[in-house]
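One structure is given here, and the rest of the page talks about it.
The values are calculated or read from the model by the stated rules, or taken from the named source; none is laboratory data. Treat the numbers as computed from the prediction; the structure is a model and nothing was measured. Because the Cβ atoms are built from the backbone with ideal geometry, glycine has one as well, and the counts that use them run over all protein chains shown. What goes into the accessible areas is simple: the full protein's heavy atoms, side chains included, and nothing from ligands, DNA or RNA. Shrake-Rupley method; radii C 1.70, N 1.55, O 1.52, S 1.80 Å.
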Amino acid sequence: MSLNVAQIREQFPILHRQVHGKPLVYLDNAATTQKPQAVINALTDYYTQCNANVHRGAHYLSDEATRRYEAARKTVAEYINASRQEEVIWTSGTTEGINLVANGVAQRLKTGDEVLVTEMEHHANLVTWQQACKRSGATLKVVPINEDGSLNTEQFHALLSENTAFVSMPHISNALGTINPIKELTAAAKAKDALVMIDGAQGVAHGAIDVQDIGCDFYAFSGHKVFGPTGIGVLWGCYEVLKDWPIWLVGGEMIATVSYQDATWGELPNRLEAGTPNIAGAIGLAAAINWLRQYDAADILAHETALLARATQLAEQTDGLTIVGHAAKKIGVLSFILDGAHPADIGFLLDKQGIAIRTGDHCAQPLMKRLNVPGTARASFSIYNTLDEVEMLFEGIKKARLMLA
Amino acid sequence: MNLPSTDEIIDDLEFLDDWEQRYQYIIDLGKALPGLPESQHKEEYLVRGCQSNVWLISEEKDGKLLLHVDSDAVIVQGLLTLVMAAYHNKTPEQILAFDIDHYFAQLDLENHITPTRGNGLRAIVGKIQQLAKQSQA
């Protein structure tokens with residue numbers, strides 16, 4: 001069965017609005033996805049019917065809010081195939097998840113240890129490790145990419161050593177769309193006794209994740225990239241690694257006992273979740289996952305593959321257009337530059353036509369430098385995009401070029 | 001450099017009502033901007049935007065500020081020309097007296113100088129006003 005995209009679009013109110021007097025063509029999904037009515041309803045319903053603080057109330061609403069909030073954790077745990085619910089830590093997003101882990105790693109690293117990242121990192125998965133290394137005296141090693149934007153796996157293996165303490169890499173590149181062979185690379189890193197983290201910000205948007213199958217120690221993602229609200233994210237960590245992980249934020253909720261001069265820490269997941277959590281966000285994220293799960297993962301993949309294939313085909317037919325990132329395995333992203341036109345100009349003139357893309361360095365300045373481009377224009381696709389919208393993108397590019405010529 | 005005056009720009013843009021004509025006008029202004037030689041694209045002159053970069057060099061002559069600007073994006077070059085029309089070769093008093101927000105609103109381009117835009121234009125305006133204040137002092 002193929003996806004009924006028209007029926008899916010019906011569920012996204014924002015896709016029916018106009019911008020600059022034109023129907024919105026939203027192709028900035030790698031930045032954030034739009035929200036289906038089911039998610040909007042879950043948030044409204046929570047604040048309309050259920051709002052209360054969790055885990056501490058002596059009243060009906062608090063019990064109900066706690067039940068819904070912990071049910072959301074269970075939904076996420078099932079969706080990513082966590083072996084225990086306590087392995088799911090709520091964060092504000094991928095960035096906080098990586099920071100939580102990097103903070104702990106920095107406390108354990110010592111001079112001579114090495115941390116491995118890749119040339120295709122988003123700043124969130126680069127600056128974190130760079131700073132952790134600076135603090136601890138460890139060395140950051142950067143695995144190069146190939147000219148087509150795929151990871152140089154030979155170099156990955158070559159850079160792995162007995163000194164490798166930690167490996168962090170993206171599941172899917174936000175700037176290029178490259179899908180990394182994370183399972184194979186994780187296995188290689190684990191064989192050297194390194195801990196492995198996957199930056200799943202882009203990975204989570206394109207299909208179900210199985211953290212046990214990947215074999216990593218940590219997987220972080222953001223709710224807003226998978227049709228959920230902003231401000232909620234998930235850090236999954238393997239229980240054995242996470243159970244005595246260095247604490248992150250301290251305060252309420254995460255403690256066991258407190259005196260004026262001392263404190264002891266609670267159990268997972270609370271010990272890594274200080275303060276009142278984003279309750280509505282967690283419930284909204286669970287609603288997003290439940291919404292997404294009604295569709296067949298293979299159908300979604302087939303649809304997104306068809307969108308990217310058509311976009312790539314049209315891009316290759318456009319004179320003076322260079323696709324940035326040609327990895328054999330990629331999804332969701334068409335990054336490109338045009339001769340004689342700055343990406344910002346292209347983005348601006350597409351916006352005027354109702355077409356939303358992203359332009360710039362995509363929070364990956366070292367990668368842009370490595371690729372020797374000032375930045376790119378990036379169209380990124382999701383479940384609700386249509387082949388017609390891909391055509392409109394290229395009509396829009398044509399018009400922009402005429403104006404800039 | 002033969003810059004149009006702010007009044008000429010206001011008159012010109014008033015006649016152009018669809019977005020394509022308006023931005024074609026801005027693009028054409030941008031192309032006519034002399035810009036700066038590549039060798040002057042130095043870090044010290046750079047005002048970094050998230051999407052495009054702007055360079056600004058200034059000098060003072062006969063009590064007036066002479067401004068030389070460039071951008072790597074042509075629409076920003078065009079917008080810079082609008083800014084230059086207001087500020088180039090003017091006294092610090094003239095610069096500080098000029099209501100740039102009102103000017104951009106008259107041009108119906110006020111969204112370009114809101115702080116949310118990553119094109120560095122707001123930063124340039126702030127920098128020029130600061131230069132004017134310094135030279136007054």
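For every residue, the table says whether it meets (1) closer than 29 Å to residue A:224 by Cα; (2) over 16 Å from the mean Cα position of the chain (by Cα); (3) in the same structural domain as residue A:54 (by TED's automatic domain parsing); (4) β-branched (Val, Ile, Thr).
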position: A:99; (1), (2), (3), (4): yes, no, yes, no
position: A:105; (1), (2), (3), (4): yes, yes, yes, yes
position: A:110; (1), (2), (3), (4): no, yes, yes, no
position: A:120; (1), (2), (3), (4): yes, no, yes, no
position: A:126; (1), (2), (3), (4): yes, no, yes, no
position: A:134; (1), (2), (3), (4): no, yes, yes, no
position: A:142; (1), (2), (3), (4): yes, yes, yes, yes
position: A:150; (1), (2), (3), (4): yes, yes, yes, no
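Only residues that are in a helix (DSSP H, G or I) and open to solvent by less than 10 Å² (accessible area, probe 1.4 Å): list them for the range A:227-267, please. Show your work before the answer.
Of all residues in the range A:227-267, those in a helix (DSSP H, G or I) come to A:239-242.
Selection gives A:242 alone.
Sort out which residues of the range A:13-30 are assigned to a loop (DSSP other than H, G, I, E, B) and in contact with a His (Cβ under 9 Å, 6 or more places away or on another chain), and write them in order of number. Reasoning before the result, please.
Residues of the range A:13-30 assigned to a loop (DSSP other than H, G, I, E, B): A:17, A:20-21, A:24, A:27, A:29-30.
Residues satisfying the conditions are A:24, A:30.
What is the one condition in (1) open to solvent by 60 Å² or more (accessible area, probe 1.4 Å); (2) in a loop (DSSP other than H, G, I, E, B); (3) touching a residue at least 12 places away in the same chain (Cβ under 8 Å) that residue A:53 does not satisfy?
Residue A:53 satisfies every listed condition except (1).
Per-residue answers, yes or no, for (1) modelled with pLDDT of 95 or more; (2) under 20 Å from residue A:359 (Cα atoms); (3) open to solvent by 70 Å² or more (accessible area, probe 1.4 Å):
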site: A:310; (1), (2), (3): yes, no, no
site: A:325; (1), (2), (3): yes, yes, no
site: A:330; (1), (2), (3): yes, yes, no
site: A:333; (1), (2), (3): yes, yes, no
site: A:337; (1), (2), (3): yes, yes, no
site: A:341; (1), (2), (3): no, yes, no
site: A:344; (1), (2), (3): no, yes, no
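Please determine, by comparing only the residues of the range A:179-196 that are over 18 Å from residue A:114 (Cβ atoms) and β-branched (Val, Ile, Thr), which one is least open to solvent (accessible area, probe 1.4 Å). Explain how you work it out, then say what you get.
Here is the first cut: in the range A:179-196, the ones over 18 Å from residue A:114 (Cβ atoms) are A:179-184, A:187.
With β-branched (Val, Ile, Thr) added as a condition, the list becomes A:179, A:182.
Details: A:179: 57, A:182: 10 Å².
Only one residue tops the list, namely A:182.
So how many residues does the range A:205-219 have that are farther than 18 Å from residue A:115 by Cα and in contact (Cβ under 8 Å) with a residue 60 or more places away in the chain?
So the count comes out to 9.
Do we have residue A:176 as outside any strand (DSSP E or B) and open to solvent by less than 60 Å² (accessible area, probe 1.4 Å) here?
Working: outside any strand (DSSP E or B): yes; open to solvent by less than 60 Å² (accessible area, probe 1.4 Å): yes.
Considered against the rule, which asks whether it is outside any strand (DSSP E or B) and open to solvent by less than 60 Å² (accessible area, probe 1.4 Å), residue A:176 comes out as yes.
Taking the stated definitions as given, is residue A:297 open to solvent by 20 Å² or more (accessible area, probe 1.4 Å), within 23 Å of the chain's Cα centre (by Cα), away from chain B (no Cβ under 14 Å) and touching a residue at least 24 places away in the same chain (Cβ under 8 Å)?
Values: open to solvent by 20 Å² or more (accessible area, probe 1.4 Å): yes; within 23 Å of the chain's Cα centre (by Cα): yes; away from chain B (no Cβ under 14 Å): yes; touching a residue at least 24 places away in the same chain (Cβ under 8 Å): yes.
Yes; evaluated as a whole, the condition is true for this residue.
Across the range A:268-286, what is the total count of residues that are open to solvent by 50 Å² or more (accessible area, probe 1.4 Å) and either within 22 Å of the chain's Cα centre (by Cα) or farther than 24 Å from residue A:43 by Cβ (or both)?
Matching residues across the range A:268-286 total 1.
If you scan the range A:31-45, which residues turn out to be outside any loop (DSSP other than H, G, I, E, B), under 14 Å from residue A:228 (Cα atoms) and not hydrophobic (A, V, I, L, M, F, W, C)? Break it down stepwise before answering.
The initial filter retains those residues of the range A:31-45 that are outside any loop (DSSP other than H, G, I, E, B), namely A:37-45.
Restricting the remaining residues to those that are under 14 Å from residue A:228 (Cα atoms) gives A:37-44.
Hits for the range A:31-45 are A:37, A:41, A:44.
Hey, which of the strands (runs of 3 or more DSSP E) in the range B:7-101, taking only ones fully inside, have at least 3 residues that are more than 10 Å from chain A (Cβ to nearest Cβ) and either out of contact with any Phe, Trp or Tyr (no Cβ under 7 Å at 6 or more places or on another chain) or open to solvent by less than 20 Å² (accessible area, probe 1.4 Å) (or both)? Show your work before the answer.
Numbers: elements: B:46-48, B:53-61, B:64-71.
Strands (runs of 3 or more DSSP E) meeting the threshold: B:53-61, B:64-71.
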